Amino acid sequence: MSGSTLGHLFRVTNFGESHGPAIGCVIDGCPPGMALAESDIQPELDRRRPGTSRHVTQRNEPDTVEILSGVFEGQTTGTPICLLIRNTDQRSKDYANLLDTFRPGHADYTYLHKYGLRDPRGGGRASARLTAPMVAAGAVARKWLALHHGVTFAGHMTQIGEIEIPFESLEHVPHNPFFAANATDIPRLEAYMDDLRKAGDSCGARIRVMARGVPVGWGEPLFDKLDADIAHAMMGINAVKGVEIGSGFRAVAERGTTHGDELTPAGFRTNHAGGVLGGISTGQDITVEIAVKPTSSIRTPRQSLDLQGQPKMVETHGRHDPCVGIRATPIAEALLALVLMDHALRHRAQCGDVRVAMPAIPGHV
């Protein structure tokens with residue numbers, strides 16, 4: 001299967017299926033000499049893993065990561081790093097009724113027509129389970145970026161279903177199952193999700209992620225723009241149907257007098273551009289928002305077809321997230337880190353010796 005690799009100089013190739021023996025990735029291009037152990041990666045996987053609250057799938061995977069190569073005596077060697085996560089809690093029998101039919105909104109139909117066969121168990125290669133290796137690779141990128149450039153990442157849910165979540169403080173994000181920067185509305189969100197699960201339905205979500213401390217100058221003009229690569233990576237996350245950088249679609253209603261971020265000696269006055277101008281980072285926060293669609297695997301019976309093209313009603317059994325967006329925040333952070341890591345190395349390779357007389361201004365006033 002082509003299309004399983006992300007990046008140019010920092011390349012991550014993803015492998016495995018939801019109900020196979022293991023999933024994982026190979027990272028090629030990680031610079032040598034960085035201290036790296038499973039303990040650097042596991043905390044990010046723990047943030048993403050299933051079974052952590054009643055609002056997500058109850059598939060109980062520890063998501064324990066193993067480093068199989070690319071590290072010697074606790075340091076990266078510059079050779080490919082293979083990260084493995086074993087699947088331990090598959091229940092393939094839950095998908096027996098899907099062998100000859102298709103879930104509306106899922107990739108069953110398109111996979112069959114593309115490859116001539118498909119793995120229906122948990123969605124196979126189309127499963128959101130395959131985001132776990134990308135979170136693991138993102139942890140490696142995050143560590144290098146923090147060590148060499150002081151770049152940090154943060155994210156939070158801004159909307160679930162019809163409910164918009166007011167921003168209070170990022171301090172609240174680790175303390176609720178929704179990754180919400182809010183403490184006041186959590187009971188309302190929990191009641192909403194409980195009602196949704198009882199109804200056998202699902203909903204979407206909106207997630208905001210940002211990178212702070214990104215230097216000015218990363219990215220390329222035209223087709224390798226930093227924001228274009230970010231959008232490409234974010235759209236590679238299962239169930240993502242929309243990506244915005246900075247003001248995004250809100251820019252349609254903004255005037256040029258407002259949208260253009262004014263420069264002052266103290267810094268940019270605003271950040272409508274989301275930290276990217278002309279495809280190149282400005283030194284401001286990189287801000288990204290993604291729209292996650294409702295989960296396709298739901299209990300409610302829906303119309304579909306069988307392999308002979310005949311009408312059939314489908315309902316999905318098994319363990320599923322009623323909102324896959326609940327666990328999407330660490331995934332989006334990881335993909336942003338992977339893109340920035342790749343562009344950091346690309347900038348270093350081509351423009352690492354560039355010096356200009358004008359000092360870089362602060363990211364914001």
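So the values come out like this:
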item: Degrees separating the helix 131-149 axis from the principal Cα axis of the chain, which is the longest one; result: 10 degrees
item: Shape call, the stretch 124-216: gyration tensor on alpha carbons, a/c limit 1.5; result: oblate
item: Folded to 0 to 90 degrees: helix 38-48 orientation relative to the chain principal axis, Cα; result: 60 degrees
item: Environment charge at residue 39 (Cβ cut-off 13 Å; Lys +1, Arg +1, Asp -1, Glu -1); result: -4
item: Computed over the stretch 187-282: relative contact order in percent, which uses C-alpha pairs under 8 Å that are six or more apart; result: 34 percent
item: Cα centre as origin, Lys/Arg/Asp/Glu Cβ charges: the chain dipole, Debye; result: 620 debye
item: GNM flexibility winner over the chain from 187, 133, 294 (Cα, springs under 10 Å); result: 187
item: Relative packing of 140-153, 241-254, which averages over residues the other C-beta atoms within 10 Å, highest first; result: 140-153, 241-254
item: Cα centre as origin, Lys/Arg/Asp/Glu Cβ charges: the stretch 260-322 dipole, Debye; result: 400 debye
item: Footprinting exposure proxy for 287, 5 (fewest neighbouring C-beta atoms within 10 Å first); result: 5, 287
item: Among 62, 21, 322: highest mean-square fluctuation, GNM of the chain, C-alpha pairs under 10 Å; result: 21
item: Ordering of 271-282, 336-347, 195-206 by packing [mean C-beta count within 10 Å, highest first]; result: 336-347, 271-282, 195-206
item: Helical contribution to [θ] at 222 nm, DSSP H n ≥ 4, -39,500 (n - 2.57), averaged over the chain, rounded to 500; result: -7500 deg cm²/dmol
item: Using alpha-carbon coordinates, inclination of helix 329-351 to the longest axis of the chain, degrees; result: 40 degrees
item: Relative contact order of the chain, pairs being alpha-carbon contacts under 8 Å that are 6 or more residues apart, as %; result: 21 percent
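Bear in mind these aren't lab numbers, they're just calculated from the coordinates by the rules spelled out. These numbers were taken from a predicted model, which means no experiment stands behind them. Every residue, glycine among them, receives a Cβ derived from its backbone with ideal geometry; neighbour counts consider all protein chains shown.
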